[in-house]
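Worksheet: one structure, shown below.
The values are calculated or read from the model by the stated rules, or taken from the named source; none is laboratory data. The structure presented is a predicted model; accordingly, all values stated were derived computationally and were not measured. Positions of Cβ are generated from backbone atoms using ideal geometry, with glycine treated the same way; all protein chains shown enter the neighbour counts.
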Amino acid sequence: MKKISRTLLIFFVTLILLLTVFVSAIYVLSNSRMGQTFAVNPTPIPKFISKEDLTEGKRLYQSRGCGDCHDVDGSGKTFISDPAIGTISGANLTAGIGGILRDRSDEELAIAIRHGVGKNGRALIFMPSTDFQGMTNEDIGKLVSYLRSMPSIDKEQGEINPGPLGRFLFLIGEIPILVSAEQIIHETNHLQNLKPTVSLEYGKYVAATCTGCHGMKLVGGPIQGAPPEWPPAQNITKVGLSQYTETTFIQSIRTGKRPDGSEMKFPMPWQSLAKLTDIELKALWMYLQSI
């Protein structure tokens, strides 16, 4: 009996040691990649001051889902809080105490948005820049100008601490968004402007907003970094949208209700996407139907 107890004790001690080594390795490797620096050449960003342009900047902030992580007032919020995945909070985007606008130029903000790279070249954690890397200089300028027009809010940065499962999934390639800067070609020449038209080119531009949840090929599946209780994202290619027409697709985005009357549930950000213009939605539909 004593021999069996000793064997079990040795087994459990060995198991604990192996798990400790495994978890330690996960943290060492993930910290190494999360601490990377990237050299990005700044691109001149146009400034906007007219009421019309600032209103468009606000619409871009809302329709591109910025408030999902940074809150409606730009002060930031904790949007993932899970012991395994981790705690992830969006930055305070205002000029208040704790806000990043106090010491960032427009060009640095553009790099953060499109490249996932922060101050001193450090990689930003869980910044979905792959969604925004193609934004034109004009749209970035209107968005940044709107941020600078927002009221200052004193609020310190919330916690950013990826958990063991989140780090492990990152290391095996399941959550690349954890360090999106690794996925982006930083030598890209950004478009100055892109005229909104009902076209495949413009539809592809708008569809970039959807890639964070629906994947780069927009075929859906588990959402990167999401807690296990979140449902998978829908396939939004032509196959996945076979029950929709252009009219019902636009109506669903505007109302949050599918053609069969069922409601789009969290985390589908239909309230944000409802801010897309008719041209954007028609172009988006055209592009999705082409896939």
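Annotations for the structure displayed:
- Here the helices (runs of 4 or more DSSP H) wholly within segment 32-138 that include at least 2 residues being in contact with a Pro (Cβ under 9 Å, 6 or more places away or on another chain) are 67-70, 106-115.
- Residue check, Asn120 surrounded by fewer than 17 Cβ atoms within 10 Å (Cβ to Cβ) and more than 21 Å from Gly225 (Cβ to Cβ): yes
- All positions within segment 190-215 that are outside any helix (DSSP H, G or I) and free of Cβ contacts under 8 Å to residues at least 60 places away in the same chain: Leu191, Gln192, Asn193, Leu194, Lys195, Gly215
- Sole residue being among the hydrophobic types (A, V, I, L, M, F, W, C), on the phi < 0 side of the Ramachandran plot and modelled with pLDDT of 90 or more, chosen from Phe12, Phe22, Phe48: Phe48
- Selection within segment 221-276 - surrounded by 15 or more Cβ atoms within 10 Å (Cβ to Cβ), farther than 23 Å from Asp131 by Cβ and at pLDDT below 90: none
- Applying the criterion of being farther than 25 Å from Thr277 by Cβ and not polar (S, T, N, Q) to the residues of segment 181-216, the residue that is surrounded by the most Cβ atoms within 10 Å (Cβ to Cβ) is Ala181.
- Close Cβ contacts (under 7 Å, 6 or more residues apart or on different chains) running from residues in segment 169-185 that are closer than 9 Å to Ser129 by Cα to residues that are crowded, with 23+ Cβ neighbours inside 10 Å and of a type in the set (Phe, Trp, Tyr) comprise Ile177/Phe126.
Here is a yes/no grid of residues against (1) part of a strand (DSSP E or B); (2) under 30 Å from Gly35 (Cβ atoms); (3) not assigned by TED's automatic domain parsing to the domain that holds Tyr61:
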| position | (1), (2), (3) |
| --- | --- |
| Glu174 | no, yes, no |
| Pro228 | no, yes, yes |
| Asn235 | no, no, yes |
| Gly240 | no, no, yes |
| Ser272 | no, no, yes |
